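Any read-out appearing in this document is the output of simple, stated calculations on the displayed coordinates, not a laboratory observation. Just so you know, these numbers come straight off a predicted model, no measurement behind them. Neighbour counts are summed over all protein chains in view; Cβ atoms, including those assigned to glycine, are modelled from backbone coordinates with ideal geometry.
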Amino acid sequence: MNIIAIMMFLGFVLVTLGVTFWAARRTRTTKDFYAAGGRITGFQNGLAIAGDFMSAATFLGVTGLIFSHGFDGLIYVIGGVAGWPIVLFLLAERLKNLGKYTFSDAVSLRLQATPLRCLAATGSLVAVVLYLIGQMVGAGKLIEVLFHVDYEVAVCTIGALMVLYVSFGGMIATTWVQIIKASLLLAGGSLLAFLVYARLGFSFDTILRTAMSHHTFGDAMLAPGHLISDPLSVISLATTLVFGTAGLPHILMRFFTVRDAVEARRSVFFAASFIGYFYILIFILGFGAVALVTAETGYFDPATKLLVGGGNMAAIHLSHAVGGNVFLGFISAVCFATILAVVSGLTLSGASAISHDLYANVIRPQASEHDVVRVSKFSALVLGAIAVALGLVFENQNVAYMVMLAFTIGASVNFPLLFLAMYWKDLTTRGALIGGYLGLATAVGGIVFGPTVWVEVLGHATPLFPHKYPGIFALVIAFGGSIAGSLLDRSARAARERAGFRDQFIRSQTGVGSEAASVH
Amino acid sequence: MHRLYRLIDEDPRFHALQRSRSRFAWSLVALVLTGYYSFVSVIAFAPALFARALYEGTTISIGLLAALAVLLLSIGLTGLYIVRANRVFDRLNRTIVDDARSRFEHR
């Protein structure tokens, strides 16, 4: 039992509950609840976006992947960073100019709102739930190792806390919890990397040399191909990561918390810089963990010879190796804060999809603001329960892989939909629906019938879909389906939708008309 | 079409801005994706190249340097876009919108 970890963890929970209480009193309108009133600055939002992206899945999962598979873990790092310029150059400003609270707003502007919102909300919810599983598993394992409480208790505690943050504090609380955590994580990660460096004579060469002498792959640790070797999987994973970033609903939602397109743009720059810096730290932490954790038998289960707490715990053991129990406590508390903040953002984004996209715009358009916010709070509760349940089912999955599945949905449903709606004048509702649902079906089918779920979770002998990374198939099918479906659509409605493109285009470029939209 | 939008659409400066902005953005997209997919293609088709040491006597591999290069390229281009957008595009955009607004009100 690590007293320091518990104290710091309780401290974080108290501070964030304080923030939630403060935020709850400032949350009056739906705009406050979904978009923090549009009062977040570019810098704050950049930090919050970076916080969303620097999840425990990255910190623990990717460090764990480098620890076990060497160089291949870096693919996740580079893919995550390379997505940001794409978001900036193609999406951020236009999204802010077109939308209100969720990316479905931008998609449904000139197309038929009801069916498209259903599609976009489905895409969001599937991505959110998959992402939540990854985070819950990481958190549950962490608490199990640190506080010696049962995995089930740990997962339920997180579920309860995130529902509290989201339903009482809305986007204001979610953003500030994220900002506090991002600062803690950047500071903690920097200190950890510094201590690793100091231990190994301030030489990256020495880190690598020591790591190679301990790693089971030896000198081949830096050779690609230990985690994924066939070219198709590499390309598919890489494509999923870079375009998935541009389709993650909880990140797209953050562009609505700033004042205008200029601030949205600034957000991306700060986010990309923080994320890039943090990912460079991950290089050091991953190889540092190989160098300093592998040799210590105390970090391994004597019976199974596996890392205590599983492959995701390499970064945690590393903090103990360089800084003893005090630092282990600090890093664990930071990880815990990370998970809480990220699951809150995810839950809010899922709750917005249900209450804003489905309830307020499809099911009951005449609902009052008060009703809509109430539905959001209830949705947050339901999502919390689902996340807890699935966190228990998927207990032993690598968290970085689970998150990759969320990226698959982002890349194959949300991104094609958003991109084509903004850039291609001939997109029609029918085309978008055909492409979107085909992409969703391919992605979900590929995941469920693929090697990970069909064979490893469900215990069948051979997968029905042979590839572990279905992303590229789903992306191509989604684009192909949307384009073919739109070109073949000769209805009068399609003609009206194409004619509406010019107005939408000018608004997306100039921001004219978006002020009115954000006032409601 | 909304009348304010039509006024903007009639302004040749809007078309020039929109063309130069989109040319700039797409060139940067092409740069990032070229860098990224070159990195990925080596991993997929010629992994041995990335395993090679940078020079005699170091453990730092070509792959690690390439990874760092793609990472810095991504952040660098993000910065470049912001600078150009702040200095050129925003100013032009504001002039075009303000002009259209005043013509809209005076009609």
For A:Lys305, go through the lysines and keep the ones whose alpha-carbon is under 29 Å away, minus same-chain ones fewer than eight residues off. A:Lys141, A:Lys468
Using the 10 angstrom Cβ neighbour count as an exposure proxy, how do A:Trp454, A:Trp176 rank, fewest first? A:Trp454, A:Trp176
Fewest to most Cβ atoms within 10 Å: B:His15, A:His148, B:His106, A:His69 sort as B:His106, A:His148, B:His15, A:His69
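Just want to confirm a number: the relative contact order over the stretch B:17-106, from Cα pairs under 8 angstrom separated by 6+ residues, in percent.
Numbers: 38 pairs, mean separation 25.5, N = 90.
Relative CO of the stretch B:17-106 lands at 28 percent.
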Using 7 Å Cα-to-Cβ label points, what is the A:Val457/B:His106 separation (nm, one decimal)? 6.4 nm
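In percent, how large is the relative contact order of chain A, given Cα pairs closer than 8 Å and 6 or more residues apart?
Relative contact order for chain A comes out at 30 percent.
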Among B:Ile96, B:Ser27, B:Ser61, pick out the residue whose Cα is farthest towards the positive end of the charge dipole of chain B, where Lys and Arg carry +1 and Asp and Glu carry -1 on C-beta, about the Cα centre. B:Ile96
With unit charges on the beta carbons (Lys and Arg positive, Asp and Glu negative) and the dipole taken about the Cα centre of chain A, which residue among A:Phe394, A:Ile49, A:Met8 sits farthest to the positive side? A:Ile49
Describe numerically, in nm with one decimal, the distance between label points set 7 Å from Cα along Cα→Cβ at A:Ile3 and at A:Leu392. 3.4 nm
Where does helix A:231-245 land angle-wise versus the long Cα axis of chain A, in degrees 0 to 90, nearest 10? 60 degrees
Run the quick spin-label model on A:His467 and A:Val382: label points 7 Å from Cα toward the beta carbon, then report their separation in nm to one decimal. 3.4 nm
So what's the gap between the Cα centers of the stretch A:438-516 and the stretch A:23-52, to the nearest angstrom? 29 Å
Computed magnitude of the charge dipole of the protein assembly as shown (debye, nearest 20; Cβ of K, R +1, Cβ of D, E -1): 2260 debye
Measuring from the longest principal axis of the C-alpha atoms of chain A, the long axis of helix A:429-448 (C-alpha) lies at a number of degrees, nearest 10, equal to 20 degrees
In peptide B:37-49, what is the residue-averaged number of other protein chain Cβ atoms found within 10 Å of each Cβ? 6
Looking at this model, which pairs from A:Lys96/A:Lys377; A:Lys31/A:Lys100; A:Lys31/A:Lys96 are more than 20 angstrom apart at the alpha-carbon? A:Lys96/A:Lys377
How far is the Cα center of the stretch A:112-187 from the Cα center of the stretch B:1-68, in Å? 32 Å
If neighbour count is taken as other Cβ atoms inside 10 Å, put A:Lys31, A:Lys425, A:Lys181 in order from fewest to most. A:Lys425, A:Lys31, A:Lys181
By how many degrees, 0 to 90 and rounded to 10, does the Cα axis of helix A:471-487 deviate from the longest principal axis of chain A? 10 degrees
Work out which helices of chain B, taken as complete DSSP H runs, extend at least 27 Å along their axis over the Cα atoms and score a mean Kyte-Doolittle of 0.0 or more, then list them. B:12-45, B:62-84
Run through the stretch A:426-496 and list the trypsin sites (Lys or Arg not before Pro) located in a DSSP loop whose Cβ has at most 10 other Cβ atoms within 10 Å. A:Arg490
Multiplying the sequence separation of A:Arg39 and A:Arg26 by 0.36 nm and subtracting their Cα-Cα distance, what value in nm do you get? 3.5 nm
Exercise: per-residue mean of other protein chain Cβ atoms within 10 Å, B:76-86: 5
Cβ charges +1 (Lys, Arg) and -1 (Asp, Glu), total dipole of the stretch A:1-122, debye: 660 debye
